[in-house]
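Data first, discussion second: the structure below is written as structure tokens.
Read the figures in this text as sums done on the coordinates, not as results from a lab. The structure presented is a predicted model; accordingly, all values stated were derived computationally and were not measured. All Cβ positions, glycine included, derive from the backbone under ideal geometry; neighbour counts span all protein chains shown.
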Amino acid sequence: MLSGSPLEILFDLGSAPLGHALLGLALLAAVAAIWALLHRDPALRRYGGALAFLVIAFAAEIVIPGLAPRWKTAMTLRGVALLAFSFGLVRALFVTLDEVARRRQRDFSTIFRDLATLFVYGIVFLMVARFEFNVDVTPLLATSALVTAVIGLALQETLGNVFSGLSLQLQKPFAPGDWVRFGAHLGRVQGIGWRSTRLITRSLERLEVPNAVLARDVITNYRGNAVGDDLFVGLSYDAPPNRVKEIILRVLHHNPQLAHSPAPQVWVVEYGDFAVKYRIRFWMIDYAEQDRVRDEIMTSLWYALRRNGIEIPFPIRTLHLKRMPATVTDDGRQRELVGALRQVDFLSNLDENELARLVPNLYELEYGRGETICREGESGDTFYVVWGGTVEIVAQGAGGEQTHVADLSAPAFFGEMSLLTGEPRAATVRAKSDARLLVVEREGFEGMFRAHPSIAEAICRVLATRQSELRERREQAISSETDESRSRKLLAAMRTIFGF
């Protein structure tokens, strides 16, 4: 039969009051030392409640030996010690179970845990009252039924939230970390409590939603590796729809926040008063980044449409007035473009007429910050002159990681090796800020090389020197190939491509 203090039940102390007190003091000191160690780790501080119960139990054990066994005070202290010791063990057990469940990433219900803890506490209390204090617990059980009925009537709404929380835990329509929408609210679930479910909105507002409200409402859960979203854009009637779809899909393809499966889709949905309306459907990897993903898509799309000469029209009912700057004459424009080409080192020795041959095959493009201009390994028949802004060059390292090579600002250029020799792009180039680029096409060089083959030889010598310097800097080793032999290889490749 359960009777006595914890130490009297666990150890045969006999009539040794001094040993009883010393053992209680030693256990009290051990609990204090354990608390000092656990207090350093935030995760282990949750055992503080269990240790507090043990402190009460062992403190009582120190006092009990100094009292006569039959004194009422001694009997009360034995009951308190036994009750506190039992509560401490129960508390430690449930904290341990909770930690194990969290480490296994299970959705461990705090409601179930708290109800189970209270139930076990009640069982322990009744057992101590029955066996230590000889209290008849039958009337307590009968009275508790009446008290429960009264409390149930007084707390109908609160109990409704409790049972709704239990229902949500059993059905699991969402778990902590999920983004959910109900009614006009959207937030990330933090946890389900007794009365309410906690959510954090995108504005970092904390919502305490009664469980009964969630149990009645329709809940949209954005859990998963691919969450769909839509954007709409209206574009000019002059732009062929298939070309527009190709441009939009290319923009979506370059966004790393989008899932590749399902693949993005674009549809024509309406012929409006002043624009063709397109619906853009894409799937995000992380719904929490919805606003950022939408911004990146719409920003990159503006630059892509502008580069391809596709207008985003104004409503025909809107009068749009704009003061235009003074136009540049054709001669002035040509001198400006020739001046930009002269900044390229392998073109700097050419005269005005020779550089002018390239102007008809030259045009200007704008790229937004973060957009990819060309990719490593792709073929290319153009090279670029940086006219404004900054671009960054990154290359794939030996381990597959992206390595930053350099930043280029005006006047600078890149991509000439792919244009002149047909080699794949040696690096990926992205706009580090909004950038203006002059794009030089291969056709402009064909006529110039056929008319003046010596120009190709001079360009190859400059490129060979530059290529050796770049390889030496990138690989941190001197190339075993001489500039002259590299120049001959470059010239042979160019003759194959341009046919001179």
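Laid out as a table, the results:
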{"read-out": "Listed peptides 281-290, 229-238 by packing density, highest first (mean Cβ within 10 Å)", "value": "281-290, 229-238"}
{"read-out": "Full-stretch length increase - Leu118, Asp434 - with 0.36 nm per residue and alpha-carbon distance subtracted", "value": "107.5 nm"}
{"read-out": "Rg and Dmax [Cα atoms of the range 155-307; Å; Rg one decimal, Dmax integer]", "value": "20.1, 67"}
{"read-out": "Length added when fully stretched, Val268-Ser167, from 0.36 nm per residue minus Cα-Cα", "value": "31.9 nm"}
{"read-out": "Rg [Å, one decimal], Dmax [Å, integer] - the range 165-221, C-alpha atoms", "value": "10.0, 30"}
{"read-out": "Rounded, prolate or oblate (a/c below 1.5 giving rounded, otherwise prolate when a/b exceeds b/c) for the range 354-477 by Cα gyration tensor", "value": "oblate"}
{"read-out": "Per-pair calculated FRET efficiency, R0 = 30 Å: Ala288 and Ala406 via Cβ, rounded to 0.05", "value": "0.35"}
{"read-out": "Separation of the Asp229 and Ser379 label points, Cα + 7 Å toward Cβ, nm", "value": "3.6 nm"}
{"read-out": "Of every Cα-Cα pair in the range 227-307, the percent that sits beyond 16 Å", "value": "48 percent"}
{"read-out": "Formal net charge of residues neighbouring Arg279 (Cβ-Cβ distance under 15 Å; K, R +1; D, E -1)", "value": "+1"}
